[in-house]
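Here it is, the structure in full.
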Amino acid sequence: MTTAAAGSPRTYQVRTYGCQMNVHDSERISGLLEQAGYVRAAEADEQPDVVVFNTCAVRENADNRLYGNLGHLRPVKDKHPGMQIAVGGCLAQKDRGDIVRKAPWVDVVFGTHNIGSLPVLLERARHNTAAEVEILESLDVFPSTLPTRRESTYAGWVSISVGCNNTCTFCIVPSLRGKEKDRRPGDILSEVRALVDEGVLEVTLLGQNVNSYGVEFGDRYAFGKLLRACGDIEGLERVRFTSPHPKDFTDDVIAAMAETPNVCHSLHMPLQSGSDDVLRTMRRSYRSEKYLGIIEKVRAAMPDAAITTDIIVGFPGETDADFEKTLDVVREARFSSAFTFQYSKRPGTPAATMDGQLPKQVVQERYERLIATVEEITWSENRKLVGETVEVLVAVGEGRKDERTGRLSGRARDGRLVHFDAGSLAGQIRPGDIVHTTVTYAAPHHLNADGEPLSHRRTRAGDAAEAGRAPRTPGVLLGLPTIGAPAAAPAPTGGCAAN
Ligand code: SF4
């Protein structure tokens, strides 16, 4: 029974670090805790009964940050008997028992494969007044079988796979999240339908490598089929996905994107480097020509597609000439936005111990040049939209400036951020509603639309936002596969030797 001494329900807070996978996992952690009787602590509550850290291991100083945060909580816990601290996510999977050795005031450590055990571990730790550390080496159940408390009324994440069979040398995912596990198409579509039934308009299909979806049940075209099947779901207005991998990208996915009206013409495809030599040492098995070839096909099929990417600068061994090749690809690909990263060692990855680690100054200088090039291109791509009408799905708090300028914000179908003036509709437009408006100004990272909106559609997602209702999906367990091959014995997956 999860009640505080006073008889009121115990409160919880989840602190999330890292990528979308973690953000979605935190939605599951919240769903699980609420199912177990906990209630979310108010934002300003400095003494929740349970604090869960959902950690990330990708940054060099991720552990310092975690232990710093845990240190800050210690005096709070001392003053608040019964408070519990749990640490999960990638860093917990990596550091395991070390966490309670370094921070003995932590009550529970759980890994990426056993999120579902958290409520039981908290109870057991309370009962035994001793720390519980439980890390599994592989997934027992697909995490989407867990109840989920969704953070948005209008957009939802849906996992299609977890883990990754690739072996990119800068990435910790394969060792912490394990081999790719694909969820059955019927289960995915059931979850999408459940979200749409709750009023959600936009779904993002989530996997470390969505293009290899189907590898487990032997259908390399399963992802394109899944996109087309999403097209049959009435009420689903926008389908996105992240992340694709150029190595496994097949033409049928481009056709499915172009031919399925609710699939958005936006593609986030990590480039990482434009140099084939660096791609080789990164163990990413496509080459720049293949990457640009995919972009060419996407543009031929969808001239309005917005293509975004991730790029790492300063990978060990990267020469000036390698870096110039990255700039060349950036110029040719004409990205509408790029997430740029300075390479930093991620402990536990092969790249962390490679020769040729570059001095910070060199990396910084390249990084600044990259950003300047990217911004010049994204700005010129954005300027092409001035005068165009865009459909905006209104969001909550996309821009800090909005309050000052009186604008609202949201995303266009192609994923671009749009700040718009609500004009005479001010006060009527809610997060989750749909607005059409005309772009009047372009900046490198956003568009402005300062005229009167052309139309405003009230949606069920907007009603839910107004009423303060968040969608909840119970664990979606069953659901008959409607596309792809039925789940059979998993096909052998030997990692991506070619990478
Ligand atoms: S494709 Fe590479 S970078 Fe992406 S999750 Fe897999 S190993 Fe990591």
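When residues of the stretch 1-38 are filtered for being at pLDDT below 90, among the polar types (S, T, N, Q) and farther than 26 Å from Leu206 by Cα, how many remain?
Adding up the residues that qualify gives 3.
Can you pull out every residue in the stretch 301-323 that is surrounded by fewer than 22 Cβ atoms within 10 Å (Cβ to Cβ) and more than 21 Å from Ala351 (Cβ to Cβ)?
Correct list: Ala301, Met302, Pro303, Asp304, Ala305, Thr308.
Among the residues of the stretch 259-267, is there at least one that is away from the ligand (no atom under 16 Å from the Cβ) and farther than 30 Å from Glu198 by Cβ?
no
Look at Ala443 and say whether it is modelled with pLDDT of 95 or more and either in contact with a strand residue (DSSP E or B) (Cβ under 6 Å, 6 or more places away or on another chain) or among the charged types (D, E, K, R) (or both).
No; evaluated as a whole, the condition is false for this residue.
While we're here: State all residues of the stretch 419-436 that are buried (at least 21 other Cβ atoms within 10 Å of the Cβ), over 24 Å from the mean Cα position of the chain (by Cα) and not in a loop (DSSP other than H, G, I, E, B); if no residue qualifies, say none.
Phe420, Val435
Still on this structure: When you go through (1) more than 16 Å from the ligand (Cβ to nearest atom); (2) outside any helix (DSSP H, G or I) one by one for Leu189, which number turns out not to apply?
(2)
Moving to a separate point now. Contact list please: Cβ distance under 8 Å, first residue in the stretch 229-248 and closer than 13 Å to Val200 by Cα and of a type in the set (Asp, Glu), second residue modelled with pLDDT of 95 or more and assigned to a loop (DSSP other than H, G, I, E, B), pairs at least six apart or on different chains.
Within 8 Å, the pairs are Glu237/Leu201; Glu237/Asn262.
With the requirement that a residue be more than 27 Å from Gly111 (Cβ to Cβ) and in contact with a Pro (Cβ under 7 Å, 6 or more places away or on another chain), what does the stretch 200-216 give you?
Within the stretch 200-216, just Val200 meets the criteria.
Return the residues of the stretch 274-297 that are on the phi < 0 side of the Ramachandran plot and either of a type in the set (A, V, I, L, M, F, W, C) or within 12 Å of the ligand (Cβ to nearest atom) (or both); say none if nothing qualifies.
Those that are on the phi < 0 side of the Ramachandran plot and either of a type in the set (A, V, I, L, M, F, W, C) or within 12 Å of the ligand (Cβ to nearest atom) (or both): Val278, Leu279, Met282, Arg284, Ser285, Tyr286, Leu292, Ile294, Ile295.
Is it true that some residue in the stretch 213-223 is within 16 Å of the ligand (Cβ to nearest atom), closer than 21 Å to Cys164 by Cα, in a strand (DSSP E or B) and not hydrophobic (A, V, I, L, M, F, W, C)?
So far as the stretch 213-223 goes, no, none of its residues is within 16 Å of the ligand (Cβ to nearest atom), closer than 21 Å to Cys164 by Cα, in a strand (DSSP E or B) and not hydrophobic (A, V, I, L, M, F, W, C).
Something else now. Picking from Val363, Val329, which residue would you name as being outside any strand (DSSP E or B), in contact with a helix residue (DSSP H, G or I) (Cβ under 6 Å, 6 or more places away or on another chain), crowded, with 19+ Cβ neighbours inside 10 Å and aliphatic (A, V, I, L, M)?
Unique residue meeting the criteria: Val329.
Counting only residues that are among the hydroxyl-bearing types (Ser, Thr, Tyr) and touching a residue at least 60 places away in the same chain (Cβ under 8 Å), which one in the stretch 437-474 is surrounded by the most Cβ atoms within 10 Å (Cβ to Cβ)?
Among those that are among the hydroxyl-bearing types (Ser, Thr, Tyr) and touching a residue at least 60 places away in the same chain (Cβ under 8 Å), it is Thr473.
Counting just the residues of the stretch 270-300 that are farther than 20 Å from Lys384 by Cβ and without any contact (Cβ under 8 Å) to a residue 40 or more places away in the chain, which one comes out surrounded by the most Cβ atoms within 10 Å (Cβ to Cβ)?
Leu279
Can you pull out the strands (runs of 3 or more DSSP E) entirely within the stretch 69-169 that have at least 3 residues that are among the polar types (S, T, N, Q) and either modelled with pLDDT of 90 or more or away from the ligand (no atom under 16 Å from the Cβ) (or both)?
Of the strands (runs of 3 or more DSSP E) lying wholly inside the stretch 69-169, none has at least 3 residues that are among the polar types (S, T, N, Q) and either modelled with pLDDT of 90 or more or away from the ligand (no atom under 16 Å from the Cβ) (or both).
The values are calculated or read from the model by the stated rules, or taken from the named source; none is laboratory data. Bear in mind that the values here come from a model prediction, so they are computed numbers and not experimental data. Don't worry about glycine lacking a Cβ; one is built from the backbone with ideal geometry, like all the others, and counts go over all protein chains shown.
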